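> Let me give you the structure first, and then I'll get to my questions.
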Amino acid sequence: MSATDSKLIANLNTAGSAKLFEAACKLIPGGVNSTARATWSGWTPYPLFVDKGEGSRLRDVDGNEYIDYLLGLGPMIFGHRPPRVTQAVVDFIQQRGTVFALPTADEARLAEKIIAAVPSVDQVRLCNTGTEAVLYATRLARAFTKRNKIIRFEGMYHGFSDGVYWSKHPNIAKAGPDDHPIPVPQGPGMPKGVEENLIILPWNDAQVLADTIAREGDNIAAVLTEPVMCNTGCILPKPGYLEAMRELTHKHGIVLIFDEVITGFRLGLGGAQGRLGIKPDLSVFAKGIGGGFPVAAMGGRADIMALVANGTVSMAGTYSANGIAIAAANAALDELNTPGLYEKLDAVSDELRLGLGKVLRDAGLPAYVVGIGPLMQVWFTKDEIHNYRDAERHADQKIFRSWWEGMLARGVLFHPGAYENLFVSTAHTHADVAATLEAAKQVAADLAKS
């Protein structure tokens, strides 16, 4: 059966998306250019094809308009086509160019803004993607400590480089015991032996982390973590967990790397680390820093970054700090520095998160909402979820799919996968939230009857 013979959901005309997907599959493997848009990631039998986005709204090729909480999986902190950022990029291209293979003064201005915003960052280098920035951070940690092993946590995603693309969402029946998971490659093609330098741990378990560091601390170069778990839905750190992680890594000379690709400049100017009061040694940023344009950064302690400054560790890239990225990020950080911006963003986000929680409770559904600021997800379960295996065992993916279909049919867009998140932008209004909650009441009532 072809895509055009089936519908994405009932009661929604997406025939144009079906037709475009069928044509795309003949030219592009899987019909899309990222796994997160693929059928096996929940967009079955085909993803929506976009006409355009503006502010908090997105319109597909069939003319359906949605309140957009997908937001490009996080980069659109200001919503779609933010005037200040868009104009800055257009001006730079028209007046100055794009790629020079030489520095511009704008790069140092951007670095100054990042350093001012994030207390843990003494120096910063610009990259193109989060994957690239994580690769450099782990390489730098190994060079600085002269150790090889990296601790990373089951259920997190740190990009698709061979060194970390392991144990993202493994089959837990084949991934070892709960307190001592084994590295599971994301798929075939990974070089043999890479896993020997990886230690996979469950997140949110300070004792397991302490035991592992006590046993292998002299071999561990870095602990790589999201400060808020954002790639298995939204899972918050237990009270004291990040503090224990910081204390343990500092004591044993291990580099603590925060992957703030999603949380950076979204949960506040200082990211999750600023909001939660933890200072890592190295940090990785992307998504929100560019206001919708591709740009990333990696920075941290001056003594570690000195290995980049003296050429010991090479950070290269033809497109690193290109004019488009620099113009976008400079404008984005200027906008994010607007007094009261994050307070207003949090207020709208809290209204949505608390409102959704009330809707689900009032409907008597076994569900709750977890989030922090403009980042959240709905868990359909009565059980608490603190790590990936909790989610695998307890989260009801089938109900989530029905929830997603019902909301999409009523003009509310987010990712169909329960392990993604809802994102809120500065373009979202209280009216958007009210419309979303009204849709949620209808869907929750339908789910309660089924």
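The values are calculated or read from the model by the stated rules, or taken from the named source; none is laboratory data. Quick caveat: nothing in here was measured; it's all calculated off a predicted structure. All Cβ positions, glycine included, derive from the backbone under ideal geometry; neighbour counts span all protein chains shown.
> Collect the residues in segment 35-53 that are farther than 20 Å from MET76 by Cα, assigned to a loop (DSSP other than H, G, I, E, B) and among the aromatic types (Phe, Trp, Tyr), keeping them in residue-number order.
The answer is TRP43, TYR46.
> Moving on. It is to be established whether one or more residues within segment 216-238 are more than 11 Å from ILE151 (Cα to Cα), of a type in the set (Ser, Thr, Tyr) and outside the structural domain of LEU70 (by TED's automatic domain parsing). Walk me through how you get there before you give the answer.
Keep residues of segment 216-238 that are more than 11 Å from ILE151 (Cα to Cα), which gives 218, 226-238.
Restricting the remaining residues to those that are of a type in the set (Ser, Thr, Tyr) gives 232.
From what is left, the residues that are outside the structural domain of LEU70 (by TED's automatic domain parsing) are 232.
Yes, segment 216-238 contains a residue that is more than 11 Å from ILE151 (Cα to Cα), of a type in the set (Ser, Thr, Tyr) and outside the structural domain of LEU70 (by TED's automatic domain parsing).
> Is there a residue being among the aliphatic types (A, V, I, L, M), assigned by TED's automatic domain parsing to the domain that holds ASN330 and surrounded by fewer than 24 Cβ atoms within 10 Å (Cβ to Cβ) anywhere in segment 271-278?
Checking segment 271-278: at least one residue is among the aliphatic types (A, V, I, L, M), assigned by TED's automatic domain parsing to the domain that holds ASN330 and surrounded by fewer than 24 Cβ atoms within 10 Å (Cβ to Cβ).
> Starting from segment 351-364, take each residue that is assigned to a loop (DSSP other than H, G, I, E, B) and list its partners that are modelled with pLDDT of 95 or more, counting only C-beta distances under 8 angstrom and pairs at least six apart or across chains.
Close Cβ pairs satisfying both conditions: ALA363/LYS441; ALA363/ALA444; ALA363/ALA445; ALA363/LEU447; ALA363/ALA448; GLY364/ALA448.
> A follow-up question, please. Report yes if some residue within segment 88-95 is over 27 Å from GLU260 (Cβ atoms), assigned to a helix (DSSP H, G or I) and either touching a helix residue (DSSP H, G or I) at 6+ places or on another chain (Cβ under 7 Å) or in contact (Cβ under 8 Å) with a residue 24 or more places away in the chain (or both); otherwise report no.
Taking every residue of segment 88-95 in turn, at least one turns out to be over 27 Å from GLU260 (Cβ atoms), assigned to a helix (DSSP H, G or I) and either touching a helix residue (DSSP H, G or I) at 6+ places or on another chain (Cβ under 7 Å) or in contact (Cβ under 8 Å) with a residue 24 or more places away in the chain (or both).
> From VAL308, VAL284, VAL313, grab the single residue that is surrounded by fewer than 24 Cβ atoms within 10 Å (Cβ to Cβ), in contact (Cβ under 8 Å) with a residue 60 or more places away in the chain, outside the structural domain of MET76 (by TED's automatic domain parsing) and closer than 17 Å to ALA111 by Cβ.
Exactly one residue qualifies, and that residue is VAL308.
> What's the number of the only condition in (1) more than 30 Å from ALA331 (Cβ to Cβ); (2) within 26 Å of the chain's Cα centre (by Cα); (3) in contact (Cβ under 8 Å) with a residue 40 or more places away in the chain that TYR69 fails to meet?
(1)
> Same structure, new question: Taking into account only those residues within segment 345-386 that are of a type in the set (S, T, N, Q) and buried (at least 21 other Cβ atoms within 10 Å of the Cβ), which is farthest from THR426 (Cα to Cα)?
Out of the qualifying residues, it is GLN377.
> Go through ALA15, ALA23, ALA3, ALA10 for me and flag whichever is modelled with pLDDT under 95, loosely packed, with under 15 Cβ neighbours inside 10 Å and either touching a helix residue (DSSP H, G or I) at 6+ places or on another chain (Cβ under 6 Å) or over 30 Å from GLY130 (Cβ atoms) (or both). Don't jump to the end; show me each part of the working.
Numbers: ALA15 fails: modelled with pLDDT under 95; ALA23 fails: modelled with pLDDT under 95; ALA3 fails: loosely packed, with under 15 Cβ neighbours inside 10 Å.
Step by step, each of ALA15, ALA23, ALA3, ALA10 is checked, and only ALA10 is modelled with pLDDT under 95, loosely packed, with under 15 Cβ neighbours inside 10 Å and either touching a helix residue (DSSP H, G or I) at 6+ places or on another chain (Cβ under 6 Å) or over 30 Å from GLY130 (Cβ atoms) (or both).
> Okay, next question. Return only the number of the condition from (1) under 17 Å from the mean Cα position of the chain (by Cα); (2) in a strand (DSSP E or B) that GLY373 does not satisfy.
(2)
> Something else now. Which number in (1) part of a helix (DSSP H, G or I); (2) in contact with an Asp or Glu (Cβ under 6 Å, 6 or more places away or on another chain) marks the one condition that MET190 misses?
(1)
> ARG389 - would you say it is under 21 Å from the mean Cα position of the chain (by Cα), outside any loop (DSSP other than H, G, I, E, B), surrounded by fewer than 23 Cβ atoms within 10 Å (Cβ to Cβ) and not assigned by TED's automatic domain parsing to the domain that holds LYS113?
It is true that ARG389 is under 21 Å from the mean Cα position of the chain (by Cα), outside any loop (DSSP other than H, G, I, E, B), surrounded by fewer than 23 Cβ atoms within 10 Å (Cβ to Cβ) and not assigned by TED's automatic domain parsing to the domain that holds LYS113.
> Do we find that GLY30 is surrounded by fewer than 18 Cβ atoms within 10 Å (Cβ to Cβ), on the phi > 0 side of the Ramachandran plot and touching a helix residue (DSSP H, G or I) at 6+ places or on another chain (Cβ under 8 Å) in this structure? Spell out how you get there, then give the answer.
Working: surrounded by fewer than 18 Cβ atoms within 10 Å (Cβ to Cβ): yes; on the phi > 0 side of the Ramachandran plot: yes; touching a helix residue (DSSP H, G or I) at 6+ places or on another chain (Cβ under 8 Å): yes.
For GLY30, the condition - surrounded by fewer than 18 Cβ atoms within 10 Å (Cβ to Cβ), on the phi > 0 side of the Ramachandran plot and touching a helix residue (DSSP H, G or I) at 6+ places or on another chain (Cβ under 8 Å) - is met.
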